[in-house]
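*Asks:* Below is the structure I would like to discuss, written out as structure tokens.
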Amino acid sequence: VQLQASGGGLVQAGDSLRLSCAVSGGTFSSYSVGWFRQAPGKEREFVSAISRSGGSTDFADSVKGRFTISRDNAKNTVYLQMNSLKAEDTAVYYCGALSGWLCSDHDYEYDYWGQGTLVTVSS
């Protein structure tokens, strides 16, 4: 299973970005997908996740109300819509896939990872 994260870039505070995580090499609907991020000098942290059915989602407190997550099973892609971006959202964003029904905010539960996409928010 391969994951390809894309959509990062340099934006100003208050702007929006949409990240994509394209999954290939497996049965997309078998996987719950999560987004994590790692800022310079910090540990990787949970951002958001969506269950394999799309019926359940989870968000870190720091992004609730600003980020949304969705999946398109026809395109084998999960999207992370990020609005009202802040400087503290600056990080490399990674997507991961786990074989299971439910979301998880624990990175050790994810079986596969993408390479990451850099999001830089200038203030």
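The values are calculated or read from the model by the stated rules, or taken from the named source; none is laboratory data. Every value quoted in this text rests on a predicted model; they were computed, and no experiment measured them. Glycine also receives a Cβ, built like all others from the backbone with ideal geometry; neighbour counts cover every protein chain displayed. Heads up: the accessible areas ignore ligands, DNA and RNA and are worked out on the full protein's heavy atoms, side chains in. Shrake-Rupley method; radii C 1.70, N 1.55, O 1.52, S 1.80 Å.
*Asks:* Step by step: first the residues of the range 102-123, then only those that are in a loop (DSSP other than H, G, I, E, B) and buried (at least 20 other Cβ atoms within 10 Å of the Cβ), then the one that is nearest to the chain's Cα centre (by Cα). Which residue is that?
*Replies:* Residue satisfying both the conditions and the ranking: Gly114.
*Asks:* Going by the structure shown, is Ser122 in contact (Cβ under 8 Å) with a residue 40 or more places away in the chain, of a type in the set (Gly, Ala, Ser) and over 23 Å from Val11 (Cα atoms)?
*Replies:* When the stated conditions are applied, Ser122 does not pass them.
*Asks:* Criterion first (surrounded by 13 or more Cβ atoms within 10 Å (Cβ to Cβ), more than 17 Å from Tyr94 (Cβ to Cβ) and of a type in the set (Val, Ile, Thr)) does Val11 satisfy it?
*Replies:* Values: surrounded by 13 or more Cβ atoms within 10 Å (Cβ to Cβ): yes; more than 17 Å from Tyr94 (Cβ to Cβ): yes; of a type in the set (Val, Ile, Thr): yes.
In short, yes.
*Asks:* Only one of (1) β-branched (Val, Ile, Thr); (2) open to solvent by 40 Å² or more (accessible area, probe 1.4 Å); (3) over 19 Å from Asp15 (Cβ atoms) is not met by Thr68, so which one is it?
*Replies:* Status for Thr68: all satisfied but (3).
*Asks:* Among the residues of the range 23-44, how many are more than 11 Å from the chain's Cα centre (by Cα) and either open to solvent by 20 Å² or more (accessible area, probe 1.4 Å) or under 21 Å from Ser122 (Cα atoms) (or both)?
*Replies:* Counting residues in the range 23-44 that are more than 11 Å from the chain's Cα centre (by Cα) and either open to solvent by 20 Å² or more (accessible area, probe 1.4 Å) or under 21 Å from Ser122 (Cα atoms) (or both) gives 14.
*Asks:* Could you identify the single residue in Arg66, Arg37, Arg52 that is in contact with a helix residue (DSSP H, G or I) (Cβ under 9 Å, 6 or more places away or on another chain) and closer than 16 Å to Tyr94 by Cβ?
*Replies:* Matching residue, one of Arg66, Arg37, Arg52: Arg37.
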